[in-house]
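Let me begin by presenting the structure, written as structure tokens, before commenting on it.
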Amino acid sequence: MKKNIHIHIPKENINKNNNNQNQNIKRNIIQKKNINRNIIQKENINSNIIRKKSTHRNIIHKKNIKRNVIQKVNINSNIIQKENINSNIIQKKSTHRNIIQKENINKSIIQKDNISSSAIQKKSTHRNIIQKENINNNIIKIEKNIKAKNKNDPNKNNLKLENNQIGQMIDILLTTITRKNKIKSIEMLIQLSNEKLPKIWDVHFKKIAVVILHCFQNPNKNIRKHLFKLIQKMSVNQKEKFYDSTRLLVFQLIESFKGLKVNYIAENNLLFKQLIKVLNPEITLNVIIEFLDKKDSSMLKTTLSLLRELCPYLNKELLLAKINIILNKTVELLNHSESEIRRLVILFIVRFYDIIGSNFEKDYLLNTVGENDLKLIQVYRQKELKYKKNHQNEQIN
């Protein structure tokens with residue numbers, strides 16, 4: 001018989017073993033949990049990867065759809081462009097046809113116009129010939145009437161007819177003076193100026209004077225010479241009319257030289273002198289002052305030349321009343337770009353010495369004119385005095 005062998009194991013060891021087993025079990029459980037967690041994490045990662053792949057596929061799919069849409073749009077736009085190009089070609093062809101049609105119509109119209117214009121030209125030339133013949137006939141009639149009166153024609157009916165028609169004659173001469181037959185017309189007006197017909201001159205004087213002054217800008221010296229003779233005659237025979245029409249005549253004279261590039265002003269000094277003699281000095285000065293600030297150089301030269309010629313006819317009281325206005329407007333002109341304008345300003349300022357006296361420089365020039373300009377004015381003043389002295393000595397001798 002077998003004997004039961006009883007081995008005594010201490011309780012402490014048993015407890016330790018139990019504890020170790022429990023700890024091992026716990027470890028295993030924790031390990032399993034960790035494994036499960038890792039598995040879950042991997043699954044999550046895989047699911048995320050799958051999701052990303054799917055989203056990427058979706059994105060690619062959307063891009064492909066967009067590309068297809070863009071391609072379709074481009075295809076449609078190309079089709080539209082081609083259609084537009086075709087329509088433009090058709091339009092161009094139609095416009096080209098229309099242009100050709102219009103050109104053909106215009107050519108036919110031009111041909112008709114040329115035919116009609118040639119006919120009109122022939123008619124107008126015929127009219128001009130008739131007008132010239134009428135003008136020449138009228139001038140001849142005027143000339144005969146004037147000669148008849150100068151010879152004291154005893155036929156009273158002819159004289160009466162001339163008196164009634166003299167206004168019409170003047171109108172005819174004024175139309176010819178601005179076109180052709182200028183010199184002959186001027187000579188006729190010179191002869192008519194001798195006629196003592198107050199009513200006729202009351203009606204026609206201003207018209208005649210304005211036309212004559214306007215004609216002074218004519219480049220032909222011979223015409224200007226005859227015009228000056230006419231002014232001389234009229235300033236003697238119709239002196240009062242000049243005086244009464246001062247403002248209009250001075251205004252028209254200055255305006256007639258507006259914009260002229262050629263300098264006729266120096267050549268017309270005799271005209272200025274002749275007119276100044278018969279014009280109202282005060283009204284002339286007032287009109288001149290109005291034109292002193294004009295920018296047109298030709299008008300300025302005319303204005304300054306008139307002012308210089310007017311000085312001998314101005315009294316001290318009249319000039320002193322306007323001296324400040326004149327100097328204020330003209331001192332700036334001493335810096336003008338044109339030397340002729342600067343010279344004309346100095347020349348009329350020098351003339352003021354004779355009117356105002358020796359105090360003119362002290363009372364007016366020192367406060368208004370620069371030092372260099374004042375020296376130049378003094379030089380011109382000395383030249384003026386020297387010229388006057390020599391002129392007096394020549395007269396004495």
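The values are calculated or read from the model by the stated rules, or taken from the named source; none is laboratory data. As the structure is a prediction and not an experimental result, all values here were calculated from the model. Ideal geometry is used to build each Cβ from the backbone, glycine not excepted, and the neighbour counts take in all protein chains shown. Ligands, DNA and RNA are stripped out before the accessible areas are found, and what is left, the full protein with its side chains, is counted by its heavy atoms. Shrake-Rupley method; radii C 1.70, N 1.55, O 1.52, S 1.80 Å.
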**Message:** Show me the helices (runs of 4 or more DSSP H) entirely contained within the stretch 193-296 in which 2 or more residues are among the polar types (S, T, N, Q) and open to solvent by less than 20 Å² (accessible area, probe 1.4 Å).
**Reply:** 246-256
**Prompt:** What do you reckon, is Lys316 of a type outside the set (A, V, I, L, M), more than 23 Å from Val250 (Cα to Cα) and exposed (fewer than 14 other Cβ atoms within 10 Å of the Cβ)?
**Reply:** no
**Message:** List the residue pairs whose Cβ atoms are under 8 Å apart, where the first residue sits in the stretch 196-212 and is under 18 Å from Tyr243 (Cβ atoms), the second is aromatic (Phe, Trp, Tyr) and buried (at least 16 other Cβ atoms within 10 Å of the Cβ), and the two are 6 or more positions apart or on different chains.
**Reply:** Ala209/Phe242
**Asked** Does Asp354 qualify as being out of contact with any Lys or Arg (no Cβ under 6 Å at 6 or more places or on another chain), modelled with pLDDT under 90, open to solvent by 40 Å² or more (accessible area, probe 1.4 Å) and within 24 Å of Lys301 (Cβ to Cβ)?
**Response** yes
